[in-house]
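Take a look at the structure set out below.
The values are calculated or read from the model by the stated rules, or taken from the named source; none is laboratory data. What you see is a predicted model, and the numbers here were worked out from it, not measured in a lab. Cβ atoms come from the backbone with ideal geometry, glycine included; neighbour counts cover every protein chain shown.
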Amino acid sequence: MTTPNKISIPDWDIADRPREKLISKGRLSLSNSELIAILIGSGNRNETAVELSKRILQSKSNNLNDLGKMSVADFTKFKGIGEAKAVSIIAALELGRRRKEEEVPVLKPITSSKDAYLQVFNVFEGLAHEEFWVLCLSRANKVIFKTQISKGGVSGTVADIKIIFKNAIEQLSSAIIVIHNHPSGQLKPSQSDILLTDKIKETGKIMDIPLLDHLIVTDNGYFSFADKGLL
């Protein structure tokens with residue numbers, strides 16, 4: 001029995017080709033797999049670019065956040081995805097993350113743990129490693145500066161209290177909020193998280209730069225030391 005030849009994207013009806021579809025119907029008309037297909041341009045001998053993109057998405061349960069955690073090596077395991085195509089997908093996902101980050105108003109007054117979370121959740125979105133950040137606040141509780149203090153592995157990162165308060169002093173901060181993520185998704189603070197929070201709190205009292213909160217962030221939400229009465 002002869003197997004029929006596979007129809008490649010150039011042979012599709014023009015309305016079904018991802019690039020032409022974007023031009024004629026707009027970007028919102030495209031599925032996630034069609035958008036990725038535009039990035040990779042071509043599939044392999046057995047799959048069109050769209051079919052290959054669907055398979056890549058399905059490997060992460062069609063979750064773009066999980067897709068954003070994939071490395072070049074992860075992508076190149078798929079037949080038809082070389083290093084250049086992998087880099088294109090990763091770059092596009094990172095641009096999307098940064099775009100959302102820029103939409104967060106930098107000078108929004110912090111009146112709750114949720115306000116602090118909204119300042120930084122895009123920073124941590126999709127990270128497969130831990131990072132520790134500090135928000136420096138004005139007297140009016142507006143964010144005047146935010147910066148990464150440290151970057152670690154999957155299970156932890158070391159935050160130097162001297163560096164935290166060096167940044168706070170240089171920015172003439174009236175208060176600080178510290179934030180780190182748990183890539184594991186575990187929202188419960190570890191014993192080391194609790195001890196570090198206590199040290200930052202006590203140092204803040206001496207420096208007259210109080211610690212207002214410590215947030216632990218995951219892709220599914222956050223934990224606030226202040227909300228739980230742990231400060």
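Where helices (runs of 4 or more DSSP H) fall entirely within the stretch 64-104, those with at least 1 residues that are of a type in the set (D, E) and free of Cβ contacts under 8 Å to residues at least 60 places away in the same chain are at 72-75, 83-102. Scanning the stretch 202-212 turns up one or more residues that are assigned by TED's automatic domain parsing to the domain that holds V123, closer than 20 Å to L118 by Cα and free of Cβ contacts under 8 Å to residues at least 60 places away in the same chain. Is it true that L211 is under 20 Å from K142 (Cα atoms) and more than 24 Å from the chain's Cα centre (by Cα)? So L211 passes the test. Of the residues S33, S42, the single one that is modelled with pLDDT under 95, surrounded by 13 or more Cβ atoms within 10 Å (Cβ to Cβ) and in contact with a Ser or Thr (Cβ under 7 Å, 6 or more places away or on another chain) is S33.
Looking only at residues in the stretch 57-114 that are touching a Lys or Arg at 6+ places or on another chain (Cβ under 9 Å) and either assigned by TED's automatic domain parsing to the domain that holds L212 or farther than 21 Å from S42 by Cα (or both), the one that is modelled with the lowest pLDDT is V106. Filtering the stretch 197-231 to residues that are hydrophobic (A, V, I, L, M, F, W, C) and touching a Leu at 6+ places or on another chain (Cβ under 8 Å) leaves I200, L211, L212, I216, F223, F225, A226, L231.
Scanning the stretch 20-63 for residues that are charged (D, E, K, R) and not in a loop (DSSP other than H, G, I, E, B) turns up E20, K21, K25, R27, E34, E51, K54, R55.
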